[in-house]
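Novice: Structure below; questions to follow.
The values are calculated or read from the model by the stated rules, or taken from the named source; none is laboratory data. Just so you know, these numbers come straight off a predicted model, no measurement behind them. When we count neighbours, we look across all protein chains shown, and the Cβ atoms used for this are built from the backbone with ideal geometry, even at glycine.
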Amino acid sequence: MLESRINIAMKLSINGATTMTADLETDIRSAAAAGYDLVELRSNKLYDYLETRTVDDLKALLAETGIGVLSINTLEHITWRSDEDHAAILAECKKLCEISQAIGCPYVLSVPGALRQGPKTDEETIVESVRVLNELADIAEPYGIKIGFEFLGEAGNSVTTLDLGSKIVNLVNRDSVGNVIDTYHFYAGSSSFEALEALDPKKLFIFHINDAEDLPKSELNDSKRLYPGLGILPITEMKQRLDAIGYDGPASVEIFRPEYWEQDPFEVAKAAKDAAERALNIGKYAAGGSW
Ligand code: ZN
């Protein structure tokens, strides 16, 4: 029996990708208005914001709206980079950790590199990923910040499954480095449910939730994501496993659908929250007492 009898309270967040064309302030205000506990800030929007305002302005906005920041994302393609790019990633990590510390955000997210220079063995990818994640953790730990590592399921990425991502995180073996699991990437890369069942819940920092159109995996991409519950991703099956391992961390709605970007971000944030709560059986859809 996979279902946990305890209905674990799961905090809900929204990622700024869901409202990609809105600016940072709108992301924060729309998330707060929709009633999310937390928001994930996109680094590109953060940089735009800081061109005319300060980190203190951001702190004031967060205090005014009463919402917490779950993560700043993303350190893009952290592995298999040139020396110059690698140095830039380390510098960006330091900058994002400074800001995270100032605004009380616990996580900076990272994703693995693409295999631009041809295929690598899993062993080579493990060595490279462990090396870079240790460097990022060395930077983050003095700030009290943790690094989330999110595998990317699409072909051409170096870490396409939870199976491999989790192995890397376990080998890094630091409290400051953990997995981020995205429902879309879990499905697209054909991660195994066994990897989910074997996960130490402390090594899972964030659960990104979204759905996807019913298309062959080779035709799926980020733009085919949907509100949770509208597509074919195994959200229910994944949530059952997360409950079974005792995961009590946050879920964050992350959708990259251009159709939603054309809509009112306040409406999108609300619709995403309702869809996520329904798909996860939390919030007003929690099944309390039905046992
Ligand atoms: Zn994600």
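Novice: Report, by residue number, each residue of segment 95-122 that is in contact with a helix residue (DSSP H, G or I) (Cβ under 8 Å, 6 or more places away or on another chain), in a helix (DSSP H, G or I) and more than 20 Å from I206 (Cα to Cα).
Specialist: Selection gives E98, A102, D122.
Novice: Could you please find all residues in segment 185-206 being without any contact (Cβ under 8 Å) to a residue 60 or more places away in the chain and within 16 Å of the ligand (Cβ to nearest atom)?
Specialist: H185, F186, Y187, A188, G189, S191, L196, L204
Novice: Do we have E141 as surrounded by fewer than 24 Cβ atoms within 10 Å (Cβ to Cβ), without any contact (Cβ under 8 Å) to a residue 40 or more places away in the chain and of a type in the set (D, E) here?
Specialist: yes
Here is a yes/no grid of residues against (1) over 20 Å from V39 (Cα atoms); (2) acidic (D, E); (3) within 16 Å of the ligand (Cβ to nearest atom):
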site	(1), (2), (3)
E84	yes, yes, no
A88	yes, no, no
C93	no, no, no
I103	no, no, no
P106	no, no, no
R116	yes, no, no
T121	yes, no, no
S129	yes, no, no
E135	yes, yes, no
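Novice: Still on this structure, I have one more. Inspect segment 171-193 for any residue being modelled with pLDDT under 95, aliphatic (A, V, I, L, M) and closer than 21 Å to D222 by Cα and give the result as yes or no.
Specialist: There is no residue in segment 171-193 that is modelled with pLDDT under 95, aliphatic (A, V, I, L, M) and closer than 21 Å to D222 by Cα.
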